[in-house]
Amino acid sequence: MKKAALHNLGCKVNAFETEAMQQMLEEAGYEIVPFSQKADVYVINTCSVTNMADRKSRQMLHRAKKLNPDAAVVAAGCYVQTSEAEAKEDSAIDILIGNNQKAQLIDKLDAFFAKKGEEKQEAVSDINGQPQAYEELPLSQTREHTRAFLKVQDGCNQFCSYCIIPYARGRVRSCKPENVLRQVQTLAQSGCKEIVLTGIHLSSYGMEFGGNLLELIRLVHPVEGIERIRLGSLEPRVVTEDFAKALSELPKVCPHFHLSLQSGCDETLKRMNRKYTTKDYERSCELLRRYFTHPAITTDVIVGFPGETEEEFAQTREFLQRIHFYEMHIFKYSVRKGTRAAVMEQQIPEEIKTKRSAQLLALADSMSAEFREYYVGRTQEILFEEPVVMDGQEYYSGYNREYVRFVTKSERALDNCLCRGEVTGKLNDEILCMNCIQ
């Protein structure tokens with residue numbers, strides 16, 4: 001029996017695709033082993049969102065070849081799509097698989113071994129040419145068992161000035177609703193209680209066949225066994241009053257919303273080619289807070305985008321303070337070759353980006369602590385996932401509907417159990433404690 005190891009880089013969509021490829025390998029008779037072990041096949045699902053991501057992808061590919069020079073090293077995903085010529089010349093790579101071609105993994109491996117590794121195998125198509133069909137990658141179970149990330153959409157039509165992803169992933173395409181429903185039902189039958197609907201630009205779901213994200217959520221909501229539905233990153237403009245109200249009427253939908261922001265300054269947003277204003281964004285947050293009690297709103301922010309003045313940064317900081325997020329992911333702007341922002345004038349020095357980043361990280365920590373403090377003394381329903389050991393103590397760990405992490409001590413196993421209890425305090429800055437498990 002051949003052995004295979006996989007390593008994932010990048011986003012939740014990549015994570016889903018890596019699990020789907022692992023399932024393909026298992027069904028083809030491969031034994032899955034940790035990436036650090038000697039294997040016959042190494043599959044690296046690469047990322048290309050930044051120049052650093054490209055470099056990490058190359059490093060992992062070369063690490064795999066060093067682990068076993070005779071193994072078949074598979075480079076899959078975004079790095080292959082954006083740097084095909086470079087990947088073809090890389091002696092560490094034996095098989096190239098681009099986006100929308102991952103279903104060919106087993107065929108390409110069979111061809112490689114049939115030719116005794118003497119010929120490099122390729123499955124890379126021009127996803128920026130003719131419109132692409134959505135590539136079905138069925139997933140019947142997930143390693144986490146409790147929560148499954150389910151890719152329902154691929155591609156992006158936005159072309160933000162800093163982003164390479166539309167070129168790496170192609171245009172918007174979506175999984176047919178009936179196929180999503182079938183996968184949700186299968187995951188529920190395997191014991192999964194929570195699904196996360198995710199995509200490259202999730203808000204665009206169904207646009208090519210007249211569907212939309214809300215219709216999809218309504219379709220999968222009744223599936224028996226699924227207790228919670230989370231949504232991946234949303235475009236602020238998708239949150240209309242009708243959308244927010246409709247979601248609030250679906251009890252399985254978790255009040256946990258990631259609304260991508262990137263900047264709290266309208267002039268910076270224009271340079272980024274983001275298609276909303278800070279007023280639009282604030283309105284979306286107001287609607288979510290009108291229809292949900294204490295929703296967890298999270299976001300991404302880029303500091304040091306080309307041309308960002310001290311005044312523009314101050315506007316962003318003040319806007320973040322006003323909106324008041326549960327969590328913020330702060331990124332220093334990184335030049336990505338092939339994007340418009342990479343050739344913009346007024347690139348910001350690294351030391352200024354670092355200083356601004358530190359200010360926003362401190363703000364993020366204080367807002368996150370304040371959000372968690374709300375739960376102390378309240379009763380919460382937690383979906384427990386796994387036992388953990390912290391400071392020498394054994395706990396069970398899980399999350400509430402707002403994706404705040406909790407731990408409890410229990411004499412019975414709580415894996416994949418929904419339990420209610422009183423929140424007693426904080427274990428540390430990021431984790432709350434509870435008891436009175438029911």
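All of the numbers you see were taken from the coordinates with simple rules; none came from a lab. Every value quoted in this text rests on a predicted model; they were computed, and no experiment measured them. In this analysis, Cβ positions are derived from the backbone assuming ideal geometry, glycine residues included, and neighbour counts consider all displayed protein chains.
Suppose every Lys and Arg Cβ carries +1 and every Asp and Glu Cβ carries -1, with no other charges. What dipole size does the chain come out with about its Cα centre, to the nearest 20 debye? Let's see the in-between values first.
Values: 56 positive and 62 negative charges, 45 e Å.
The dipole of the chain has a size of about 220 debye.
Below 8 Å between Cα atoms, with a sequence gap of 6+, how large is the relative contact order for region 236-285 in percent?
Details: 24 pairs, mean separation 25.9, N = 50.
Computed over region 236-285, the figure is 52 percent.
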*Is region 147-373 best put as rounded, prolate or oblate by its Cα gyration tensor, with a ≥ b ≥ c the root eigenvalues, rounded for a/c under 1.5, and otherwise prolate when a/b is larger than b/c, oblate when not?*
prolate
*Answer label for volume of the Cα convex hull per residue in Å³ (calculated), chosen among (1) 146; (2) 123; (3) 158*: (3)
*Just going by the charge dipole of region 308-365, with Lys and Arg at +1 and Asp and Glu at -1 on Cβ, which of Ile323, Val343, Ala358 is farthest out on the positive end?*
Val343
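Is region 173-300 best put as rounded, prolate or oblate by its Cα gyration tensor, with a ≥ b ≥ c the root eigenvalues, rounded for a/c under 1.5, and otherwise prolate when a/b is larger than b/c, oblate when not? Present the calculation step by step, with values, prior to reporting the outcome.
On the way: a/c = 2.23, a/b = 1.63, b/c = 1.36.
Here region 173-300 falls in the prolate category.
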*Run down the lysines and flag those whose C-alpha is under 19 Å from the C-alpha of Lys176, throwing out any fewer than 8 positions away in its chain.*
Lys102, Lys151
*Have a look at Thr293, Gln185, Ser233 and report the one farthest towards the positive end of the charge dipole of the chain, computed about the Cα centre with Cβ charges (Lys/Arg +1, Asp/Glu -1).*
Ser233
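Could you work out how much longer the chain between His324 and Thr354 gets when fully extended? Use 0.36 nm per residue separation minus the Cα distance between them, nm to one decimal.
Numbers: separation 30, 0.36 × 30 = 10.80 nm, distance 2.20 nm.
Extra length available between His324 and Thr354 comes to 8.6 nm.
Given a cut-off of under 8 Å on Cα pairs at least six residues apart, what relative contact order in percent is computed for the chain? Walk me through the numbers before you get to the answer.
Values: 867 pairs, mean separation 41.9, N = 438.
Relative contact order of the chain: 10 percent.
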*asked:* If R₀ is 35 angstrom, what is the calculated FRET efficiency for the pair Leu250 and Glu394, using the beta carbon separation as r and rounding to 0.05?
replied: 0.45
*How many nm is it between the label spots at Lys409 and Met1, if each spot is 7 Å from the Cα in line with the beta carbon?*
4.1
_Using 25 Å as the Cα-Cα cut-off, could you pick out the over-long pairs in Lys56/Lys120; Lys65/Lys120; Lys2/Lys66?_
none
*So what is the relative contact order of region 133-178, in percent, for Cα pairs below 8 Å that sit 6 or more residues apart?*
41
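Kindly work out what percent of the DSSP beta bridges joining two residues of the chain are antiparallel, to the nearest 5. Intermediate results must be reported in sequence, preceding the final value.
On the way: 23 of 67 bridges.
Given both bridge residues lie in the chain, the antiparallel proportion sits at roughly 35 percent.
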*Express in whole angstrom the spacing between the alpha-carbon centres of region 352-426 and region 98-116.*
42
*Tell me, how many Å apart are the Cα centres for region 273-351 and for region 160-203?*
24
